[in-house]
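The values are calculated or read from the model by the stated rules, or taken from the named source; none is laboratory data. Given the structure is predicted, the values throughout are model-derived calculations rather than measurements. Please note: Cβ atoms are built from the backbone with ideal geometry, for glycine as well, and neighbour counts cover all protein chains shown. Heavy atoms of the whole protein, side chains included, go into the accessibility calculation; ligands, DNA and RNA do not. Shrake-Rupley method; radii C 1.70, N 1.55, O 1.52, S 1.80 Å.
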Amino acid sequence: MSATEVSAASVAPKKSGGRRKLSLPVVLLIIAGALALVSLVRLISGANDVTSVGQVAGALELAVPIGLAGLGGLWAERAGVVNIGLEGMMILGTWFGAWAGFQWGPWVGVLFGILGGALGGLLHAIITVTFGVNHIVSGVAINILAVGLTRYLSNFAFADAEGGSSKQSPRVDAIDRITVPGLSDWLLDLQQRHWFLISDIAGMVGGLITNLSWLTVIALLLVPGTWWVLWRTSFGLRLRSCGESPVAAESLGVNVYKYKYIAVVVSGGLAGLAGAFLAIVSTGIYQEGQTGGRGYIGLAAMIFGNWMPGGLALGAGLFGFTDSLKLRGGAENVHAMLLLLAILLIVVLLWQLYRKKYVAAVISAAVSALLFTWYALTDQVPSQFVDAAPYVTTLLVLSLSAQRLRMPKADGMRYRKGQGK
């Protein structure tokens, strides 16, 4: 057996008894069922904006920075380094992206945003990999450092610039956007007819091809790109072996320090790209505090996705969707989501009964009944709940998916060269 095959064996997770991988037809059936359920809720509630072109396009734009931050966390944790510092690296990306962007153009800003985040990743790698400091402590320190550093730099770079201040940058030119001519208009017309399922599918597809930033396209391509690099190349196999068993990887000749450094710097670069996206695409300006905790939400999306790119993208999309509902339709859309969550909990109830987990089934039934009652007795939800809806939804989904999670075995563990001898 070759060294690569031995390394692959050490990285491959053990099969858990009785758990089968979902086949493509089953996945497609689940997606179709979910679309039908959302369409049904739209018809009952009258919240037609739930699956509109604008809603889906807004959800995609809100999901991209979270997904990029989650991809950054995925790279680091697959190599065994917990990256709580994603938030700080995003902050560095917003500042450096805007600083370079308003002077030399948006694409130069994107490059500098990546470099700013990568510098934060490099610092995190030095502290954790070389000096062996606790990963959480290092990440929190980087988050605090990023806030102070960007505030200090803004006083010099933006305060005297036209249109800038000590807390925001001058406006950055926009990156070009694309729309598929003809098809986009046809899908918008179909969505506005509000037919069951057909209009919902048209709205979702239309949102993916209407007024799309080129940087959004690049971000979407990074998801399958990450999967291919980490799961289909020898480089990715060695990197993942460092997160599963660094001692075994070292015994096979893998330079564990090098791969951890690469992973954490790439992680920082992706978080910096997420920050640059916020400053250049989402708002066109740097503002202090604009990341709004998205680095932490990216980590939550990564955990929801079970440390896999596809699941991570679904988690980011979920948060972006609920956040867009809050921004576009406010109380009406979030009120409709109460009904959707109540029905989903009935599905969870039936599943728990099938698995004979009666305590979980009773909890699901109680929460579902509460949501049905809330929906039936009210016409809209309080504004405070509207603001909290994306975070509540994320916590609920994480709690329901927690039983199937498997993190890399050596994630967050201190490693020293030669410790297996």
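At a glance:
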{"read-out": "Residue within region 377-389 that is of a type in the set (S, T, N, Q), at pLDDT 85 or above, surrounded by fewer than 18 Cβ atoms within 10 Å (Cβ to Cβ) and part of a helix (DSSP H, G or I) present", "value": "no"}
{"read-out": "Residue within region 66-75 that is within 30 Å of LEU187 (Cα to Cα), surrounded by 24 or more Cβ atoms within 10 Å (Cβ to Cβ) and aliphatic (A, V, I, L, M) present", "value": "yes"}
{"read-out": "Near pairs, Cβ below 7 angstrom, 6+ apart or cross-chain, from region 107-136 (without any contact (Cβ under 8 Å) to a residue 60 or more places away in the chain) to any residue that is in a loop (DSSP other than H, G, I, E, B) and surrounded by fewer than 17 Cβ atoms within 10 Å (Cβ to Cβ)", "value": "ILE127/VAL133"}
{"read-out": "Wholly within region 160-263, helices (runs of 4 or more DSSP H) carrying at least 2 residues that are open to solvent by 20 Å² or more (accessible area, probe 1.4 Å), farther than 25 Å from GLY72 by Cα and of a type in the set (Asp, Glu)", "value": "183-191"}
{"read-out": "The listed residue being part of a loop (DSSP other than H, G, I, E, B) and over 28 Å from ARG232 (Cβ atoms), out of GLY275, GLY292", "value": "GLY292"}
{"read-out": "Region 301-338, residues that are in a loop (DSSP other than H, G, I, E, B), under 21 Å from the mean Cα position of the chain (by Cα) and under 19 Å from ALA57 (Cβ atoms)", "value": "none"}
{"read-out": "Test: VAL81 is surrounded by fewer than 19 Cβ atoms within 10 Å (Cβ to Cβ), touching a helix residue (DSSP H, G or I) at 6+ places or on another chain (Cβ under 8 Å) and at pLDDT 95 or above", "value": "no"}
{"read-out": "Close pairs (6 angstrom Cβ cut-off, 6 or more residues apart or separate chains): over 11 Å from ILE91 (Cβ atoms) and of a type in the set (A, V, I, L, M, F, W, C) in region 145-162, at pLDDT 90 or above and assigned to a helix (DSSP H, G or I) anywhere", "value": "ALA157/TRP99"}
{"read-out": "Residue that is over 30 Å from ILE144 (Cα atoms), basic (Lys, Arg), at pLDDT below 95 and surrounded by 21 or more Cβ atoms within 10 Å (Cβ to Cβ), where the choices are ARG42, ARG20", "value": "ARG42"}
{"read-out": "Qualifying residue in region 279-297 (condition: over 18 Å from LEU115 (Cα atoms) and surrounded by 24 or more Cβ atoms within 10 Å (Cβ to Cβ))", "value": "yes"}
{"read-out": "Failed criterion for LEU314 (all others in (1) of a type outside the set (Gly, Ala, Ser); (2) under 30 Å from ARG240 (Cβ atoms); (3) touching an Asp or Glu at 6+ places or on another chain (Cβ under 8 Å) hold)", "value": "(3)"}
{"read-out": "Close pairs from region 291-315: first over 25 Å from ALA279 (Cβ atoms), partner among the charged types (D, E, K, R) and modelled with pLDDT under 90, Cβ under 8 Å, at least 6 apart", "value": "ASN306/ARG404; ASN306/ARG406; TRP307/ARG406"}
{"read-out": "Yes/no for TRP374 being part of a helix (DSSP H, G or I) and over 29 Å from the mean Cα position of the chain (by Cα)", "value": "yes"}
{"read-out": "Residue tally, condition among the charged types (D, E, K, R) and over 30 Å from VAL229 (Cα atoms), over region 38-77", "value": "2"}
{"read-out": "All helices (runs of 4 or more DSSP H) inside region 76-157 with 2 or more residues being touching a strand residue (DSSP E or B) at 6+ places or on another chain (Cβ under 9 Å)", "value": "86-104"}
